[in-house]
Amino acid sequence: MMTQTMSDLVQTARQRIREIGADDLHESLESGQDVVIVDVREPYEYEKGHIPDSVLVPRGLLEAASDPNTPHRIEALYSARERLVVLVCGTGGRSAMAADTLQQLGFSDVRSLAGGMKMWEAEEYPVAQGAYAGSLP
C-alpha cells in the first residue's frame, strides 16, 4: 500500500467538498447572509489575524466541538448544522479536510474558504487581530 501525503489527503477532501472564494464570502457577509465562520487554525495563528466574528475551533478539536453530546462541545458550531458554515485556515488545506469531516458528521451546508486567510488578506478584506475571546473545548 502506498503511503499518502498531506497533499493527497487535502486533494481527496477537495473532491468531496465545496469551496467558496474570498469575494463570494465577503459578498455574503456584506449582504447579511447567515454565515458561521469557523477558523480551524491554532490560537497563535488566529491572534495574528482572523476574519471578524469568526469562531476559533482548532482542527484537532473539531469533532468534539461539533458534537452536542460531548463536554467539549461549542454551541456556535454544533448548533449550526443547518446553516452555512465556512471553514478557514491559512491556505485552504486544513479547512478542506475540516469541511469534509463536518459533512460526514451531518452538517448540511459546509464550505472551505479557497486560499484561506492568505487569499482573504490578499483581497484586502477586513482582518481582526487579538486573542480569541470565546472558550475552547
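The values are calculated or read from the model by the stated rules, or taken from the named source; none is laboratory data. What you are looking at is a predicted structure, and each value in this text was computed from that prediction instead of being measured. Heads up, the Cβs are rebuilt from the backbone with ideal geometry, glycines too, and the neighbour counts pull from every protein chain shown. Only protein heavy atoms, including side chains, enter the accessible area calculation; ligands, DNA and RNA are left aside. Shrake-Rupley method; radii C 1.70, N 1.55, O 1.52, S 1.80 Å.
Counting only the Cα atoms, the stretch 15-94 fills a convex hull of 110 Å³ per residue. The charge dipole of the chain, taken about the Cα centre with unit charges on the Cβ atoms of Lys, Arg (+1) and Asp, Glu (-1), comes to about 480 debye, rounded to the nearest 20.
Using the crude model of +1 on Lys and Arg Cβ and -1 on Asp and Glu Cβ, and no other charge, please compute the dipole size for the stretch 18-92 relative to its Cα centre, in debye to 20.
280
Here's how it looks for residue 84: its modeled amide H is under 5 Å from those of 36, which are all 5 or more places away or on a different chain.
So for the chain, considering every pair of alpha-carbon atoms, how many percent are separated by more than 25 Å?
20
The residue among 104, 114, 38 whose Cα reaches farthest toward the positive pole of the charge dipole of the chain, with charges on the beta-carbon of Lys, Arg, Asp and Glu, is 104. Using just its DSSP H runs of length 4 or more, each adding -39500 (n - 2.57), the chain gives a mean residue ellipticity at 222 nm of -10000 deg cm²/dmol after division by all residues.
Relative to one another, the C-alpha centroids of the stretch 1-28 and the stretch 77-137 are positioned 12 Å apart. If both residues of a DSSP beta bridge must be in the chain, then about 5% of such bridges are antiparallel. Grab the other residues whose beta carbon is less than 11 angstrom from that of residue 68, score K and R as +1, D and E as -1, and report the net. Net local charge, residue 68 excluded: 0. Couplings for the stretch 118-125, taken from phi via the Karplus curve 6.51 cos²θ - 1.76 cosθ + 1.60 with θ = phi - 60°, read 4, 6, 4, 5, 4, 7, 6, 7 Hz in order; Gly and Pro are left as x. A simple rule links phi to the HN-Hα coupling: the Karplus curve 6.51 cos²θ - 1.76 cosθ + 1.60 with θ = phi - 60°, which for the stretch 22-33 gives 4, 4, 5, 5, 4, 4, 4, 5, 5, 7, x, 4 Hz, with x for Gly and Pro.
Taking a cut-off of 14 Å, what percent of all Cα-Cα pairs in the stretch 95-137 are separated by more than that?
64
In terms of packing, defined here as the mean over residues of other Cβ atoms within 10 angstrom, the peptides 94-107, 50-63, 19-32 line up highest first as 94-107, 50-63, 19-32. Ligands, DNA and RNA left out, the accessible area of the chain computed with a 1.4 Å probe is 47% carbon and sulfur. Phi angles across the stretch 103-109 convert, under the Karplus curve 6.51 cos²θ - 1.76 cosθ + 1.60 with θ = phi - 60°, into 3J(HN,Hα) values of 4, 5, 8, x, 6, 8, 9 Hz, Gly and Pro given as x. Annotation: per residue accessible area for the chain equals 54 Å², rounded to a whole number [probe 1.4 Å, protein chains only].
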